[in-house]
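The values are calculated or read from the model by the stated rules, or taken from the named source; none is laboratory data. Nothing here was measured: the structure is a model prediction, and the numbers come from that model. Backbone-built Cβ (ideal geometry, glycine too); neighbour counts: all protein chains shown. For the accessible areas, the whole protein counts, side chains as well, though only heavy atoms, and no ligand, DNA or RNA atoms are used. Shrake-Rupley method; radii C 1.70, N 1.55, O 1.52, S 1.80 Å.
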Amino acid sequence: MKGCFFIGFYCIIIFMKYHIVVFGCQMNLSDAERIASVLESIKYKKTSNINEADLIVVTMCSVRQSAVDRVYGLDEKFRKLKDSNKQLITILTGCILKRDRKKMSEIFEYVLDIKNIKKLPQILKNQTNHISGDRLKYDTNYLDITPKYASKFSANVPIMTGCNNFCSYCVVPYTRDREISRPAEEIISEIKNLIKNGCKEIWLLGQNVNSYRDSKTNFPKLLKMINDIPGNFWIRFTSSHPKDFNDEVINVMAECKKVTPYLNLPVQSGDDKILRAMNRHYTVKDYKNKIKKLRKNIPDISLSTDIIVGFSGETKKQFENTAKLFREIKFDMAYINKYSPRAGTAAAKLKDNVSWDEKKRREKVLTEILKQTALEKNKKLVGKELLVLINENRGDDYFGKDEHYKTIKVK
Ligand code: SAM
Ligand code: SF4
């Protein structure tokens with residue numbers, strides 16, 4: 001509580017207001033929902049206007065340097081806000097690299113490990129003592145916090161956190177530590193509750209959902225258990241890793257009617273030598289075989305992928321192999337990333353020898369292929385009636401996603 005004053009017989013209570021700035025992926029969005037829940041449990045009220053907040057929490061992404069720079073860019077804005085509100089507290093959490101912590105603590109009052117968000121009330125209560133988030137013992141169970149869901153109809157449900165894969169370019173194993181799977185029972189109970197309250201879309205989240213494991217439950221079994229929950233809803237999941245995406249998952253996807261015909265399977269490169277340098281543990285042939293099996297079992301599956309262009313040492317010929325794979329697979333969607341060297345990762349020791357302009361050129365080549373293949377596939381939908389989950393409205397237009405995760409505009 002910020003304060004309370006009396007007008008006649010009435011006592012006016014003024015609550016502290018919080019604002020959360022989310023950078024990065026669905027996992028950060030989901031974390032923000034848990035942070036909101038913790039703050040509201042101590043009577044903080046949400047504001048969508050950053051200028052009137054008493055507490056600003058930023059969930060950070062460190063996957064690319066550009067994302068880190070965006071957080072550094074908040075420094076000036078925070079200085080101005082603190083000039084007008086001396087009580088303002090700023091907290092940084094999310095995916096933070098160790099080497100950025102010191103500099104970030106010059107901008108933020110607290111730099112807090114995401115696994116410590118249950119400690120927020122304690123930190124805010126003792127703020128004059130400036131407890132360092134780092135010195136608090138980790139509570140790895142932060143996923144059991146009941147979130148304050150941002151949407152009534154679509155919910156992000158993390159099934160695990162962390163990653164054990166150490167792809168040579170990636171910071172996640174350093175910022176989120178090793179894999180921890182949530183108990184299946186806890187996940188099922190959260191989802192049952194969501195469905196009971198009218199939720200229509202469940203996103204299962206994890207850095208590598210295919211390696212989910214809780215005693216006797218693996219990922220396909222978990223999918224089946226969720227599919228068996230009564231109700232009319234869609235099940236989606238992200239991210240999958242081609243090395244762990246196996247026949248059992250394909251069969252369950254084909255069998256379970258609530259699992260939507262959409263898959264994001266990040267290939268990262270279409271060249272075996274680059275895949276080895278990236279420490280991905282599969283070949284282009286393995287990837288293509290998995291897609292073939294998937295399409296055999298779920299013929300109308302829509303596919304997206306993640307790509308890194310201009311990885312250290314990627315020659316024009318090696319990039320052409322990625323372009324060739326793009327033409328062959330005909331993805332519906334792709335997240336194309338220009339390689340950004342990350343300190344502390346194995347690839348940071350290699351020379352970042354593809355120029356920024358060349359990375360941009362490669363990105364453009366893939367985008368052009370994608371435009372053609374996606375258009376080709378979208379044309380097949382002309383005249384069809386689709387079930388759409390609306391999530392946005394702009395003027396007279398409504399937007400949403402269909403089962404295949406295609407953006408649909410409803411007039
Ligand atoms: N776990 C997923 C997987 O195995 O592909 C992806 C998670 S990662 C946080 C999201 C995407 O960011 C990756 O698929 C990759 O394309 C991209 N990415 C990760 N590190 C990157 C880097 N150093 N530079 C550019 N893109 C990067
Ligand atoms: Fe990063 Fe690889 Fe883990 Fe994905 S699987 S989060 S790319 S280390």
Quick one: how many residues across the range 339-354 are in contact (Cβ under 8 Å) with a residue 40 or more places away in the chain and either of a type in the set (A, V, I, L, M, F, W, C) or away from ligand 1 (no atom under 12 Å from the Cβ) (or both)? 6
Taking the condition under 23 Å from Tyr174 (Cβ atoms), open to solvent by less than 30 Å² (accessible area, probe 1.4 Å) and touching a residue at least 60 places away in the same chain (Cβ under 8 Å), does Ser66 pass? no
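Do any strands (runs of 3 or more DSSP E) lying entirely in the range 323-411 carry at least 2 residues that are of a type in the set (Lys, Arg), and which ones are they?
Values: elements: 333-338, 388-394, 397-402, 407-410.
It comes to none.
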Can you tell me which residues in the range 272-290 are free of Cβ contacts under 8 Å to residues at least 60 places away in the same chain, open to solvent by less than 30 Å² (accessible area, probe 1.4 Å) and within 15 Å of ligand 1 (Cβ to nearest atom)? Ile274, Leu275, Tyr282, Tyr287
Check the range 324-333 and report whether any residue there is more than 18 Å from Leu275 (Cα to Cα) and not charged (D, E, K, R). yes
Of Ile336, Ile308, which residue is open to solvent by 10 Å² or more (accessible area, probe 1.4 Å), within 20 Å of Lys377 (Cα to Cα) and within 16 Å of ligand 2 (Cβ to nearest atom)? Ile336
Selection count, the range 326-349, where residues are hydroxyl-bearing (Ser, Thr, Tyr) and farther than 30 Å from Lys292 by Cβ: 2
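Only one of Phe237, Phe233, Phe245 is more than 23 Å from Lys324 (Cβ to Cβ), within 16 Å of ligand 2 (Cβ to nearest atom) and crowded, with 21+ Cβ neighbours inside 10 Å. Can you tell me which?
Unique residue meeting the criteria: Phe237.
For the range 276-305, how many residues are away from ligand 2 (no atom under 16 Å from the Cβ) and among the charged types (D, E, K, R)?
Kept after step one, since they are away from ligand 2 (no atom under 16 Å from the Cβ), are these residues of the range 276-305: 283-285, 288-289, 291-303.
If we keep only those that are among the charged types (D, E, K, R) too, we end up with 285, 288, 292-293, 295-296, 300.
Matching residues across the range 276-305 total 7.
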Scan the range 98-113 and give yes if some residue there is open to solvent by 40 Å² or more (accessible area, probe 1.4 Å), touching a residue at least 60 places away in the same chain (Cβ under 8 Å) and under 21 Å from Arg34 (Cα atoms), otherwise no. no
Identify all residues within the range 343-388 that are touching a helix residue (DSSP H, G or I) at 6+ places or on another chain (Cβ under 8 Å) and either at pLDDT below 95 or loosely packed, with under 12 Cβ neighbours inside 10 Å (or both); write none if there are none. Ala343, Gly344
Whether any residue in the range 148-165 is of a type in the set (Val, Ile, Thr) and either within 16 Å of ligand 2 (Cβ to nearest atom) or out of contact with any helix residue (DSSP H, G or I) (no Cβ under 8 Å at 6 or more places or on another chain) (or both) is what I want to check. yes
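Could you list all residues from the range 292-322 that are of a type in the set (Asp, Glu) and part of a loop (DSSP other than H, G, I, E, B)? If you could, list the steps in order and put the result at the bottom.
Just the residues of the range 292-322 that are of a type in the set (Asp, Glu), to begin with: 300, 306, 314, 320.
Answer for the range 292-322, where residues must be of a type in the set (Asp, Glu) and part of a loop (DSSP other than H, G, I, E, B): Asp300, Glu314.
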Could you count how many residues in the range 169-208 are in contact with a helix residue (DSSP H, G or I) (Cβ under 6 Å, 6 or more places away or on another chain), open to solvent by less than 10 Å² (accessible area, probe 1.4 Å) and within 13 Å of ligand 1 (Cβ to nearest atom)? 1
